[in-house]
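Colleague: Can you read through this structure? Questions will come right after.
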Amino acid sequence: MNFKKGEVLFFNKPLGWTSFKVVGHARYHICRRIGVKKLKVGHAGTLDPLATGVMIVCTGKATKRIEEFQYHTKEYVATLRLGATTPSYDLEHEIDATYPTEHITRELVEEVLTRFIGAINQVPPAFSACMVDGKRAYELARKGEEVELKAKQLVIDEIELLECRLDDPEPMIQIRVVCSKGTYIRALARDIGEALHSGAHLTGLIRTRVGDVRLEDCLNPEHFKEWIDGQEIENEEENN
């Protein structure tokens, strides 16, 4: 392996880790292994700390491929709690409102999900990395400031209902979503809740695929030190 020429690594991001931490962890152990102080390392698509799953990390000259990977189709498995919302549309914040769910049936859920297939306009969450007047939206939202974001067009190729437990004390559904770059699954949860004339927020999210890269292709960052110590390493720069 030659991390200066460029390598593409696939990680299964652990729960609670930021995408930044995954990149920093990989960079630290690569630099330690190849004996350098600096190395360009970047990821091809953020995952929220409360999400897990496929993260593509590029090193050295392979960082030029980051944009290419960002445009690959992504697949997620999302768990939604129905009848309650949070400001961030996930478990980062406490529930701020509850709504009726007695009228929701499996048939209604399946019908509502079909409305989101194809090209749709989605307003990103206020608690997101979108830029507003030169600042990250989440920085403003965390200060309690009003954040107005414009809807963006994206494409959802598939939505499949995997599980539907409406009789639970906390009704939930689990869905599989195949979508384009720029899709916020938290915002999709919000919009599904509204379409059900109720509310919803994300309680679990796994990115199961990016392009052809699947979870089973991914390294566990917590085992990366042992993995990289077992690799054959080249340090030569590519001749131009």
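Colleague: Going by Cα centres, the range 101-163 and the range 65-96 are how many Å apart?
Modeller: 8
Colleague: Using the Kirkwood formula over every pair of different C-alpha atoms, what hydrodynamic radius in Å results for the chain?
Modeller: 19.3
Colleague: Sorted by mean Cβ packing within 10 Å, highest first, what order do the peptides 152-161, 224-233 take?
Modeller: Averaged packing, sorted descending, gives the order 152-161, 224-233.
Colleague: Counting residues in the range 1-109 as N, plug N into 2.2 N^0.38 Å and put the Cα Rg over that result.
Modeller: 1.45
Colleague: Okay, next question. Give the peptides 55-67, 23-35 in descending order of average Cβ contacts within 10 Å, highest first.
Modeller: 55-67, 23-35
Colleague: Can I ask one more? Which entries of LYS40/LYS74; LYS37/LYS61; LYS13/LYS64; LYS13/LYS143; LYS13/LYS150; LYS152/LYS181 have Cα-Cα distances beyond 20 Å here?
Modeller: Going by Cα-Cα distance, LYS40/LYS74; LYS13/LYS64; LYS13/LYS143; LYS13/LYS150 fall outside the 20 Å limit.
Colleague: Still on this structure, please answer the following. Dipole size in debye (nearest 20) for the chain around its Cα centre, Lys and Arg Cβ +1, Asp and Glu Cβ -1?
Modeller: The dipole magnitude comes to about 1180 debye.
Colleague: Counting only heavy atoms of protein chains, what accessible area per residue, in Å², does the range 1-41 have with a probe of 1.4 Å?
Modeller: 53
Colleague: At a Cα cut-off below 12 Å, give the aspartates and glutamates reachable from LYS5, other chains included and same-chain residues fewer than 8 away excluded.
Modeller: Cross-link targets: GLU234, GLU236, GLU237, GLU238.
Colleague: Still on this structure, please answer the following. May I ask you to derive the relative contact order of the chain, considering only C-alpha pairs under 8 Å and at least 6 residues apart, and to give it as an integer percent?
Modeller: Relative contact order here is 30 percent.
Colleague: With +1 on each Lys and Arg Cβ and -1 on each Asp and Glu Cβ, how big is the dipole of the range 74-210 about its Cα centre, in debye rounded to the nearest 20?
Modeller: The calculation lands at about 660 debye.
Colleague: Hey, another quick one. Once amide H atoms are placed 1.01 Å from N in the peptide plane, what residues at a sequence separation of 5 or more from GLY53, or on another chain, have their amide H within under 5 Å of its amide H?
Modeller: For GLY53, whose amide H was placed from the backbone, the distant partners under 5 Å are LYS13, ARG207.
Colleague: Return the carbon/sulfur percentage of the accessible area of the range 74-210, one whole number, probe 1.4 Å, all protein chains in place.
Modeller: Accessible surface attributable to carbon and sulfur in the range 74-210 totals 47 percent.
Colleague: May I pose another question? Taking the 0 to 90 degree range and rounding to the nearest ten, how far is the long axis of helix 185-195 tilted relative to the main principal axis of the chain, both from C-alpha atoms?
Modeller: The helix 185-195 is inclined about 10 degrees to the chain.
Colleague: Now for a separate question. Whole number please: convex hull volume per residue of the Cα set in the range 74-210, in Å³?
Modeller: Considering the Cα atoms of the range 74-210, their hull volume per residue is 104 Å³.
Colleague: Right, another one. Across the range 1-62, how large is the tail of the calculated P(r) beyond 12 Å, expressed as a percent of all Cα pairs?
Modeller: The share of Cα pairs beyond 12 Å in the range 1-62 comes to 63 percent.
Colleague: Step through the residues of the range 203-216 one at a time and calculate ³J(HN,Hα) from phi using the Karplus curve (6.51 cos²θ - 1.76 cosθ + 1.60, θ = phi - 60°), rounding each to whole Hz and writing x for Gly and Pro.
Modeller: Coupling constants for the range 203-216: 10, x, 8, 10, 8, 8, 7, 10, x, 9, 8, 10, 3, 5 Hz.
Colleague: A further question on this structure: Counting only C-alpha contacts under 8 Å and six or more residues apart, can you give the relative contact order of the range 116-240 as a whole percent?
Modeller: About 18 percent, as a whole number.
Colleague: Sticking with this one: I'd like to check one number: the per residue accessible area of the range 184-240, probe 1.4 Å, reported in Å² as a whole number.
Modeller: Dividing the accessible area of the range 184-240 by its residue count gives 53 Å².
The values are calculated or read from the model by the stated rules, or taken from the named source; none is laboratory data. Nothing here was measured: the structure is a model prediction, and the numbers come from that model. In this analysis, Cβ positions are derived from the backbone assuming ideal geometry, glycine residues included, and neighbour counts consider all displayed protein chains. Calculation scope for accessible area: heavy atoms of the full protein, side chains included, ligands and nucleic acids excluded. Shrake-Rupley method; radii C 1.70, N 1.55, O 1.52, S 1.80 Å.
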